[in-house]
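Computed from the coordinates by the stated procedures, all read-outs in this text should not be read as laboratory data. The structure displayed is predicted, hence computed values, not measured ones. For neighbour counting, all protein chains shown are included, and Cβ atoms are generated from backbone atoms with ideal geometry for every residue, glycine included.
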Amino acid sequence: MKIAIPVNEKNENTAVCPSFGRTYFFMIHDTENGQTSFYDNAANTTAGGAGIKASQSLVNQGVDTVITPRMGNNALDVLNAANIKLLKTIEGTAMQNIKALIAGELVSL
Amino acid sequence: MKQLLILSGKGGTGKTTVAGSFISLGKLKAFADCDVDAPNLHLIIKPISKPLQTDYYGLGRAVIDPEMCVGCGNCYDKCKFDAISKDKDVYKINDFGCEGCGVCEIVCPVGAIKMIDEKAGDMYLYKENDFNFSTAELKMGSGTTGKLVAKVKQQLDNSVDNNEIAIIDGSPGIGCPVIASLSGANTVLIVAEPSVSGISDMDRIIRASAKFGVKICVCVNKYDNSIENTDKIMQYCENNKLTFVGKIPYDITAMNAINEQKDLMQINCPSANAIKDIYKKVISVLVN
Amino acid sequence: MNNNKGKKIAVLSGKGGTGKTLVSVNLAALCPNSTYIDCDVEEPNGHLFFRPEILKEKIITQTRPQIDDNKCNGCKKCVEFCRFNALAYIKKVMVFDDICHSCDGCALVCPQKAITMINEEVGKVHFGKSLDTYVKSGFLKVGKISGSPIISNLLKNIDESNYTFIDCPPGSACAVMESIKDADYCILVSEPTIFGACNLEMVHKLVNVFHKKFGVILNKYTGTNNPSLNYCLKNNIEIIGKIPYSNEIAKLSSVGKIIVRTNSSAKKSFEDILEKVLKKVTK
């Protein structure tokens, strides 16, 4: 799985960002090689359609799973069209959420 | 943060007065003024510190290089926003009106038009001992109000804890800035006015809010101006399964208190007492 | 011979709820054969008072892209061009109407000519009559983000043979500027609160930037401490009228009555204001 989660800082133990479209960074975790990386969310500075732009860039990177506290309708449409799995975050850091996902503990958004 | 957004549809119903009262009652530490067109919350909060100021850039605007321009008029023909003026064969981008879409840049055959970043406003974040207050002022003539609203909320979000209750003072209307403020809101409190205008406007803002799946509460301000219209509003709430949270009487004490910049919640008067009851009900909707 | 007619008077305030509609509706009703235009297309109210007989309705449209998936080759030039992020590409182009700004740029950049711009309703304009007043109202469709095209349409083809009163939206941004752009005179309506004075300052700046002749009406006037009055005095701003705070005005307005069409003594305030304003615009 290639999992994306919106975060406040470039650090596994950081808090999850409450906003999907306007998060500063996304943390990407690849379960195949166990690697974690971060990238800047260009949609953060955009005028409208931040959720759409953020979703499009995740799709372009081959992400297949997204964990987020919530998401707007337009972003949902984009990720659903791309058949990306959408799950709701729980209390805890970004890495704790990834672990919970792998353990099958998260529910659908 | 858990966002409680205060809207009204109609202007002047008392959003900012209610927002200020809630902040005082709950000793709340996080709040934002998203009425970036006509901000007022700072007049109640009276921050004393110097705020963190950030330049706000909208979408940018187009600029025509007069040396390179060949007067073909392509940009003028294609601009959907009437933002280009023509004087014989001299073309200029108007100060107001450019939406930053970039069409003129691509239709210019000689590359005489460039999109440039332009400061469109100022964002302010007041961080004081007992609170974080995010607000902004849009530079006159700038569009992209929605983006600024989103950034004002984000600025607050980034400086408070996840579970903090945040009061968002909204703007009148149902357009772009209101829609931007609705995105991410947990609960909306509509402050309605018991008049035909007020009811018509309330209906429109409720319909606009409903598309966002937020919890909606309604209260009536100056309810004794028309008991009949107040009843209509209560009936509307019942018919549409909205939570009616109370009614505030017209109270000259309130207006005087605001004008003297006194905390209304420290005064024992009918409007203050009504607001206290409404606060309890709204917070219980917000946290459940 | 008579160059007095055809003047456009815009009524604005910055802060909402100060009495723009009260003033513009009542002045238009008093002034024979005039036109009232409601440019507050997000929350229009004038028609609730005039209850005009509708003579004409016009649907206002905006363009939005329609994609021909057969012609589309997935180059994504449209997605990259759109500065509003109204397009995405997931196996095919997705269009997000609610944020599309109708610039038509995507249709221009598509190398395959796979995009056609089609018209979609963004709102409507009603043209009607209430006694001798022509009433033009604009209504933004709920869910749409911007009423600019509706305001544009409302201000087209204004009857140049009589006075026009323009009821502006609250605030001081684009919609308001659009509404006052061609006005001959601006009435700034203020209320006696610090909020009102703060926002009065904003529209004061606005009318100066647009070099408009203007005057202030002090609404809900009580004669006591009035931050808006203080602002006017401090800045040498002409006060063209005072409407006293009155329970009668509040109650009549709350049920949609036009004050000057009743027997209310408050009628006099509006008569005085109209006389003053007409003198100002014909100077």
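Which angle between 0 and 90 degrees, to the nearest 10, do you get for helix A:50-60 versus the longest principal axis of chain A when only C-alpha atoms count?
Orientation of helix A:50-60: about 60 degrees from the principal axis.
Under 19 Å from a label point 7 Å along Cα→Cβ of A:N80: give me every residue in the range A:44-59 with its amide N that close.
Counting only backbone N, you get A:49-59.
Just to check I understand the Karplus step: with θ = phi - 60° and J = 6.51 cos²θ - 1.76 cosθ + 1.60, what whole-Hz values come out for the range A:9-14, glycine and proline as x?
Karplus-based 3J(HN,Hα) across the range A:9-14 equals 9, 8, 7, 4, 9, 7 Hz.
Could you list the residues of the range B:90-134 with an amide nitrogen less than 14 Å from a label point located 7 Å from the Cα of C:K205 in the Cα-to-C-beta direction?
B:120-124
Fewest Cβ neighbours within 10 Å first, please rank A:H29, B:H42, C:H204 accordingly.
B:H42, C:H204, A:H29
Picking from B:G111, B:I179, B:I165, whose Cα lies most toward the positive end of the charge dipole for the range B:53-198 (charges on Cβ: Lys, Arg +1; Asp, Glu -1)?
So the residue we want is B:G111.
Say R0 is 56 Å: what FRET efficiency, to the nearest 0.05, do C:D69 and B:S49 get from their beta-carbon distance?
Computed FRET efficiency for C:D69 and B:S49 comes out at 0.50.
Across peptide C:85-95, how many C-beta atoms of other chains are within 10 Å of each residue C-beta, on average?
So the per-residue partner count for this stretch is 6.
Enter the mean projected area of the convex hull around the alpha-carbon atoms of the protein assembly as shown, in nm², rounded to one decimal.
31.8
Would you grab the residues whose amide H sits under 5 Å from the one on B:I216? Only those 5+ places off in sequence or on another chain, please, with H modelled 1.01 Å from N.
Here B:V188, B:T243 satisfy the definition.
Per the helix-only calculation at 222 nm, which mean residue ellipticity applies to the protein assembly as shown, given -39500 (n - 2.57) for every DSSP H run of n ≥ 4 and division by its residues, nearest 500 deg cm²/dmol?
Dividing the helical sum by the residues of the protein assembly as shown leaves -9000 deg cm²/dmol.
Which order do peptides C:137-148, C:67-78 fall in by mean Cβ count within 10 Å, highest first?
Going by the mean number of other Cβ atoms within 10 Å, highest first, we get C:137-148, C:67-78.
Using a Förster distance of 45 Å, how high is the FRET efficiency between C:D97 and A:D64, based on the Cβ-Cβ distance and rounded to 0.05?
In this case the efficiency is close to 0.95.
Between A:E91 and A:N11, 0.36 nm times their residue separation minus their Cα-Cα distance comes to what?
Values: separation 80, 0.36 × 80 = 28.80 nm, distance 1.65 nm.
Stretched out fully, the A:E91 to A:N11 stretch lengthens by 27.1 nm.
How much of the pair distance distribution for the range C:62-120 lies past 20 Å, counting alpha-carbon pairs only, in percent?
Everything past 20 Å amounts to 11 percent.
Which residue fluctuates most in the GNM of chain C (Cα springs below 10 Å): C:L154, C:L108, C:L22?
Comparing C:L154, C:L108, C:L22 in a Gaussian network model of chain C, the most mobile one is C:L108.
Once the Cα atoms of helix C:194-209 and of chain C are each reduced to a long axis, what angle between those two axes, in degrees from 0 to 90 to the nearest 10, is obtained?
That works out to roughly 70 degrees.
Take every residue in peptide C:199-211, count the Cβ atoms of other chains within 10 Å of its Cβ, and give the average of those counts. Don't skip to the answer; put the middle values down first.
Values: counts 6, 0, 0, 6, 1, 0, 1, 2, 0, 0, 4, 3, 0.
Counting other chains' Cβ atoms within 10 Å and averaging over C:199-211 gives 2.
Say we join alpha carbon atoms closer than 10 Å with springs in a Gaussian network model of chain C; which of C:I166, C:I158, C:I90 then has the biggest fluctuation?
Comparing C:I166, C:I158, C:I90 in a Gaussian network model of chain C, the most mobile one is C:I90.
So for the pair B:V287, A:D30, with labels modelled 7 Å out along Cα→Cβ, what separation do we get in nm?
For the pair B:V287/A:D30, the computed spacing is 4.5 nm.
Mind checking which of A:E32, A:E91, A:E12 has the largest fluctuation in a GNM of chain A, springs on alpha carbons under 10 Å?
Checking each option, the largest mean-square fluctuation is seen for A:E32.
If the convex hull of the alpha-carbon atoms of chain C is projected onto planes in all directions, what is the mean projected area in square nanometres?
Orientation-averaged projected area of the Cα hull: 17.8 nm².
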